[in-house]
Amino acid sequence: MSKVLILGANGKIAHLAEHIFVDTTDTSLKLYLRDAKRLEDFVNSHDKLTEAIEGDATDVQNLIRSMKDVDLVYANLAGANITAQAKAVIEAMHAESKTRLVWISTLGIYDEVPGKFGEWNKKTLGDYIANYAAAAKVIENSDLDYTIIRPAWLTDKPEVDYEITQKGEDFKGTEVSRRSIAQIVVDISQDPDKFKRESIGVNKPNTDGDKPAWY
């Protein structure tokens with residue numbers, strides 16, 4: 001049985017991943033979030049598989065304690081201080097000799113989104129892209145076995161339907177479901193060599209356009 005630490009465990013993608021984990025794998029979960037009460041019901045209903053840890057993602061000592069006995073760290077983090085969070089996660093992983101990290105980022109951090117959609121994305125996301133790009137650079141410059149996931153604009157469609165682009169390739173499409181991203185995270189946890197030391201763009205096929213169709 002493997003054990004996964006989920007940072008930012010109350011996020012929408014993280015919620016979906018948590019349910020996939022408990023429904024389809026024997027992986028046990030440590031759920032790290034600012035307010036552990038938010039996931040109290042989930043933990044109580046899966047108490048043999050999950051535990052909740054309250055903390056901030058920049059608290060290195062708390063992160064170190066949380067990483068004991070885990071096989072993979074999945075970071076579903078956000079905020080203007082995302083680079084500080086990335087540095088704290090790396091420091092804690094080094095302290096506990098952990099190597100496998102899955103990091104959720106965003107599209108556009110390499111200026112890889114072409115055409116009118118790329119222009120719209122840059123204008124709409126603004127500083128958000130720069131912050132996530134800086135955090136991704138910190139991850140990529142580390143010695144960790146990371147996977148950086150760069151999703152297209154996210155939908156709540158109940159589907160797993162995606163294609164992958166690599167760093168250095170033009171991003172495809174405009175949208176992808178949160179469920180698709182969650183499934184990729186779970187798949188990596190079950191096959192840790194999958195997408196190792198790669199930064200992958202993820203989109204739903206045939207969703208090209210000047211912006212997401214629903215926006």
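Side notes on the structure shown:
- Applying the criteria of a DSSP loop state and at most 11 other Cβ atoms within 10 Å to the chymotrypsin sites (Phe, Trp or Tyr not before Pro) of segment 1-87 yields no site.
- Scalar couplings 3J(HN,Hα) for segment 103-119, obtained by applying the Karplus form with A = 6.51, B = -1.76, C = 1.60 to θ = phi - 60°, are 10, 7, 10, 8, 6, x, 6, 10, 6, 9, 9, x, x, 5, 5, x, 5 Hz; x denotes Gly and Pro.
- Secondary structure note: in the chain, about 10% of the DSSP beta bridges are antiparallel.
- Per residue accessible area of the chain, 1.4 Å probe, in Å²: 46
- Using the Cβ-Cβ distance between residue 143 and residue 193 with R0 = 22 Å, the FRET efficiency computed as 1/(1 + (r/R0)^6) comes to roughly 0.85.
- Across the chain, the mean sequence separation of Cα contacts (distance under 8 Å, 6 or more residues apart), normalised by length, yields a relative contact order of 20 percent.
- Sorting 103, 153 by solvent-accessible area of protein heavy atoms yields 153, 103, largest first, with a 1.4 Å probe.
- Inter-part distance where segment 148-215 and segment 1-60 are each reduced to a Cα centre, Å: 22
- Whole-Hz couplings from phi, Karplus 6.51/-1.76/1.60, listed for segment 179-190; x for Gly and Pro: 4, 4, 5, 4, 5, 4, 4, 4, 4, 5, 4, 7
- Were the residues from residue 210 through residue 157 laid out at 0.36 nm apart, the gain over their Cα-Cα distance would be 17.1 nm.
- Using 0.36 nm per residue and subtracting the Cα-Cα separation, the extra length available between residue 123 and residue 69 on full extension is 15.2 nm.
- Sparse-neighbour loop sites [GluC sites (Glu not before Pro); segment 161-215; at most 15 other C-beta within 10 Å; DSSP]: 169
- Local electrostatic count, residue 175, Cβ distance below 9 Å [Lys/Arg +1, Asp/Glu -1]: +2
- GNM top mover of 69, 23, 35 - the chain, alpha-carbon springs below 10 Å: 23
- Sum of -39500 (n - 2.57) over DSSP H runs of 4+, divided by residues of the chain (222 nm, nearest 500): -11000 deg cm²/dmol
- Accessible surface of the chain, 1.4 Å probe, proportion on carbon and sulfur as whole %: 45
- Most fluctuating residue given options 142, 28, 189, as computed from a GNM of the chain linking Cα atoms under 10 Å: 142
The values are calculated or read from the model by the stated rules, or taken from the named source; none is laboratory data. Note that the structure is a prediction, hence the values are computed from the model and not measured. Glycine also receives a Cβ, built like all others from the backbone with ideal geometry; neighbour counts cover every protein chain displayed. Quick note on the areas: whole protein, heavy atoms, side chains included, nothing else; ligands and nucleic acids left out. Shrake-Rupley method; radii C 1.70, N 1.55, O 1.52, S 1.80 Å.
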